[in-house]
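Working notes, beginning with the structure itself.
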Protein chains: 2
Amino acid sequence: MTSRRHFLQKITLSTAVLPFLRFNENTKSKFSDHEPYDDKILRVAIMGLGSYGNRVAEAMQACKRAKVTGVISGTPSKIKDWQSKYNIPDKNCYNYENFDAIKNNPDIDAVYVITPNALHHDQVIRVAKAGKQVICEKPMAINAKEGQEMVDACKKANVKLLVGYRMHFEPKTLEVIRIRKDGEFGKIMFFQGQTGFTIGDPTQWRLNKKLSGGGSMMDIGIYSLNGARYMVGEEPAWVTAHETKTNPEKFKEGVDETIQFEIGFPSGAAASCLSTYNMNNLDRFFMTGQKGFAELWPATNYGPIKGRTNKGELTQPHMTHQTVQMDEMAAIILDGKQPILPVDGEEGVRDLKIIDAIYEAIKKGKRVELK
Amino acid sequence: MTSRRHFLQKITLSTAVLPFLRFNENTKSKFSDHEPYDDKILRVAIMGLGSYGNRVAEAMQACKRAKVTGVISGTPSKIKDWQSKYNIPDKNCYNYENFDAIKNNPDIDAVYVITPNALHHDQVIRVAKAGKQVICEKPMAINAKEGQEMVDACKKANVKLLVGYRMHFEPKTLEVIRIRKDGEFGKIMFFQGQTGFTIGDPTQWRLNKKLSGGGSMMDIGIYSLNGARYMVGEEPAWVTAHETKTNPEKFKEGVDETIQFEIGFPSGAAASCLSTYNMNNLDRFFMTGQKGFAELWPATNYGPIKGRTNKGELTQPHMTHQTVQMDEMAAIILDGKQPILPVDGEEGVRDLKIIDAIYEAIKKGKRVELK
């Protein structure tokens, strides 16, 4: 990742990001009416005003470094609600036809894309072309090829691309990673991730392959997969996977209901993961090494996360994940801060390559090697 | 399973079991110097005086219905120790050459075979031919074919064959099964079993394929497999499996170190299991249904087992597993009692068929269907 200085050097070369730079020079924008915090606030437009978009915006009210200053939505009534709730002027409101014009809006530094998975690719590339920083909800795309195109487009446009991996900033998660890095667990042998829930409304976009790009694996299994990588601290060497479908009516062709997948790591560590849209009471990470173990349960829900190691309970305080995420992402974008766990587009592509391999392993009924 | 009356009718036809019958008629045997408990005590010879044999014998000191009255061992010094500890007369001591003569010993009703896995087949058949009831430690054999031959031999000899599934009598385990049967968990969706430990001494028989018949799967993975069956309450429809070996020096050809296996059940429920000789901190069962869940952790060690469900902690008292097992097995053999979970030879064969399929799935790198 580039240092802040390098980043700033780069963006001064790009007229497309001038509004963002101008904001850094002009501290008295109409959106900096709260404490200036070193004058650097990430002004964010939310694209997609669904339930998770709402959750992010509400959490951002407690942010010190990030603020909702715009919206992009296809639903005028939602835009109205948001305008009054977050004091957003008409000129910062866009729909899916006209949002390329955000390019010329000096009140918006970044766009957080919180739309159905299959739409991310085109939307992120359009935002990049408009010269705005991009935050994209996970999964960043529906396959690795699309993800890589998004990374390339953002590079070309000299904007950052971050992926909404909120767990990468979660204190108990980071404590487990610190312990692992310090060698206190010894050689890591095994990780288990079980993520899933019983999904409701069968008409929602998550169960529509055209919008979701898949099923539980894309939406919730990715937490186990991503967790396997950051908990073990290695990149997978191979995957095996098996799908179970008990309700083909609800989970149509291409929409996975339950997938069990196993991951092998170069060190010999193994991971066993479960991804499902058809059961509750999961959301558990477990890792054991030759000297100790860690359990997070719940591991990835909105918290509080609970956890313990062989030494006892983890006591790091709960903080609203999206608040921490957006403050940290502001620091990454504005200051070039290096997060402990990466949240950039390349990280997103790594997950998608493995998801591609998991789907391939299911299709072939065989282990798939990763390069 | 036969009722006691049917059982007694059958054994009266067999001169081979006359000593056993005689004991029931003659309450004042030299081994019935403790309370007579309805005159029926199962008098057991332990075959194989290793660490688990010792554990069983010690636990049996608290039994009300079973008693150690004989030993079979290839090590004279061990026999001496046991004789003094358990007050065993010379005439009840055998070695592996002469134990067929146990046939004519009226002080011994049953033999508990606690020897290396690969020896069970021949030894159990010899015990059956000697007309004694047989209890065989798990795995009952090293493959299903051998297991079935043992079942057939015991049937032919009109003796019972029980397998040392001590968890089948464990109170918290049985409580979870009661709850499941009562429908309180709703439809069962998923079971997870993780059993294993870091095995020590590389020269022990468990790591010698000729004696063990395999590796962790035979010895400790069988708990997860067997647990999957009794917790879900169905017989598997298919398995997938994958082996990981990090130390081929210690875990030689045919001796598995770590196996991940998945089981599909006809109802659509899935199980994910881990069997290992190379990590600790495991020993967890987890099951979730549409209305509730259960966790046992530790699930299969010598206890106390700990567990909870969606309704809270399980509080059934701990009892030494082998004490309960041997009292219950005495009731099965002497009274024809029906256990809640089967512990007969057929149950052992069911596990071996699935272990065969797991090894086949690893070899083929593909899912294996079970009939």
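Table: residues versus (1) under 20 Å from B:Arg284 (Cα atoms); (2) touching a Lys or Arg at 6+ places or on another chain (Cβ under 7 Å).
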position	(1), (2)
A:Met279	yes, no
A:Phe293	yes, no
A:Pro298	yes, yes
A:Gly312	yes, no
A:Thr315	no, no
A:Val349	no, no
A:Arg367	no, no
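When B:Gln322 is tested against (1) closer than 29 Å to B:Ala357 by Cβ; (2) more than 9 Å from every other protein chain (Cβ to nearest Cβ), exactly one condition is not met: (1).
Within the stretch B:92-129, the set of residues being in contact (Cβ under 8 Å) with a residue 40 or more places away in the chain and of a type in the set (A, V, I, L, M) comprises B:Ile102, B:Ile108, B:Ala110, B:Val111, B:Val113, B:Ile114, B:Ala118, B:Leu119, B:Val127. Restricted to the stretch A:3-111, the set of helices (runs of 4 or more DSSP H) holding at least 3 residues that are modelled with pLDDT under 95 comprises A:4-12, A:18-25.
Residues in the stretch A:212-222 that are crowded, with 24+ Cβ neighbours inside 10 Å and either of a type in the set (Lys, Arg) or assigned to a helix (DSSP H, G or I) (or both): A:Ser216, A:Met217, A:Met218, A:Gly221, A:Ile222. Residue check: is A:Gly336 away from every other protein chain (no Cβ under 14 Å), among the small types (Gly, Ala, Ser), under 19 Å from A:Met231 (Cα atoms) and open to solvent by less than 60 Å² (accessible area, probe 1.4 Å)? So A:Gly336 fails the test.
Residues that are open to solvent by less than 70 Å² (accessible area, probe 1.4 Å), assigned to a helix (DSSP H, G or I) and modelled with pLDDT of 95 or more occur in the stretch B:128-139; there is at least one. Residues that are aromatic (Phe, Trp, Tyr) and within 13 Å of chain B (Cβ to nearest Cβ) were ranked within the stretch A:163-211; the one that is most open to solvent (accessible area, probe 1.4 Å) is A:Phe197.
Screening A:Phe190 on (1) in a strand (DSSP E or B); (2) modelled with pLDDT of 95 or more; (3) not basic (Lys, Arg) shows it passes everything except condition (2).
Taking the criterion of being touching an Asp or Glu at 6+ places or on another chain (Cβ under 8 Å) and open to solvent by 40 Å² or more (accessible area, probe 1.4 Å), the only residue of the stretch B:339-358 that qualifies is B:Arg350. There is at least one residue in the stretch B:234-252 that is surrounded by fewer than 24 Cβ atoms within 10 Å (Cβ to Cβ), in a strand (DSSP E or B) and without any contact (Cβ under 8 Å) to a residue 60 or more places away in the chain. Of all residues in the stretch B:255-268, those being within 8 Å of chain A (Cβ to nearest Cβ) and open to solvent by less than 10 Å² (accessible area, probe 1.4 Å) number 4. Scanning the stretch A:277-316 for residues being facing chain B (nearest Cβ under 8 Å) and either open to solvent by 10 Å² or more (accessible area, probe 1.4 Å) or not in a strand (DSSP E or B) (or both) gives a total of 9. All told, B:Ile142 falls short of being in a strand (DSSP E or B) and either surrounded by fewer than 21 Cβ atoms within 10 Å (Cβ to Cβ) or at pLDDT 95 or above (or both).
Select from the stretch B:179-205 the residues that are charged (D, E, K, R) and either in contact with a strand residue (DSSP E or B) (Cβ under 6 Å, 6 or more places away or on another chain) or in contact (Cβ under 8 Å) with a residue 60 or more places away in the chain (or both) and list them in ascending order. Passing the criteria: B:Arg180, B:Glu184, B:Lys187. Which of the residues that make up the stretch A:341-371 are among the hydrophobic types (A, V, I, L, M, F, W, C), under 12 Å from A:Phe261 (Cα atoms) and touching a helix residue (DSSP H, G or I) at 6+ places or on another chain (Cβ under 8 Å)? Answer for the stretch A:341-371, where residues must be among the hydrophobic types (A, V, I, L, M, F, W, C), under 12 Å from A:Phe261 (Cα atoms) and touching a helix residue (DSSP H, G or I) at 6+ places or on another chain (Cβ under 8 Å): A:Ile354, A:Ile355, A:Ile358, A:Val368.
Could you list, in sequence order, the residues of the stretch B:317-347 that are over 18 Å from the mean Cα position of the chain (by Cα) and part of a helix (DSSP H, G or I)? Once the filter is applied, which keeps residues that are over 18 Å from the mean Cα position of the chain (by Cα) and part of a helix (DSSP H, G or I), the stretch B:317-347 yields B:Leu334, B:Asp335. Taken together, the criteria exclude B:Glu235 from residues that are over 24 Å from A:Phe293 (Cα atoms), out of contact with any Phe, Trp or Tyr (no Cβ under 9 Å at 6 or more places or on another chain) and more than 9 Å from chain A (Cβ to nearest Cβ). The residues of the stretch B:264-275 that are assigned to a strand (DSSP E or B) and over 21 Å from the mean Cα position of the chain (by Cα), listed by number, are B:Gly264, B:Ala270, B:Ala271, B:Ser272.
Entry remark, the stretch B:76-105: residues being under 22 Å from B:Ala128 (Cα atoms) and exposed (fewer than 15 other Cβ atoms within 10 Å of the Cβ) number 7 in total.
The values are calculated or read from the model by the stated rules, or taken from the named source; none is laboratory data. Just so you know, these numbers come straight off a predicted model, no measurement behind them. Don't worry about glycine lacking a Cβ; one is built from the backbone with ideal geometry, like all the others, and counts go over all protein chains shown. Protein only, heavy atoms only, side chains kept; ligands, DNA and RNA dropped before computing areas. Shrake-Rupley method; radii C 1.70, N 1.55, O 1.52, S 1.80 Å.
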